[in-house]
Amino acid sequence: MRATIMYGAGDVRVETVPDPALQQPTDAIVRVVRACVCGSDLHPYHNMPA
């Protein structure tokens, strides 16, 4: 599956990662069909340590 991964401030990449797997009987896998970015979501993008 495709995932957005933050490696550091200003370094965000979309990569292929393994599909999630259930590990506990109480686990769930959720499919996200739409998402958005809030202005406060950008704080880690600018300030995350490298």
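The values are calculated or read from the model by the stated rules, or taken from the named source; none is laboratory data. Quantities reported herein were computed from a predicted structural model and do not represent experimental measurements. For neighbour counting, all protein chains shown are included, and Cβ atoms are generated from backbone atoms with ideal geometry for every residue, glycine included.
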* To do: Would you mind stating whether GLY39 is over 13 Å from the mean Cα position of the chain (by Cα) and on the phi > 0 side of the Ramachandran plot?
  => no
* **Selection count, the stretch 15-50, where residues are among the hydroxyl-bearing types (Ser, Thr, Tyr) and part of a strand (DSSP E or B)** => 1
* Asked: Residues in the stretch 18-27: is at least one free of Cβ contacts under 8 Å to residues at least 60 places away in the same chain and surrounded by 10 or more Cβ atoms within 10 Å (Cβ to Cβ)?
  -> yes
* So is VAL12 hydrophobic (A, V, I, L, M, F, W, C), part of a loop (DSSP other than H, G, I, E, B) and at pLDDT below 95 or not? -> no
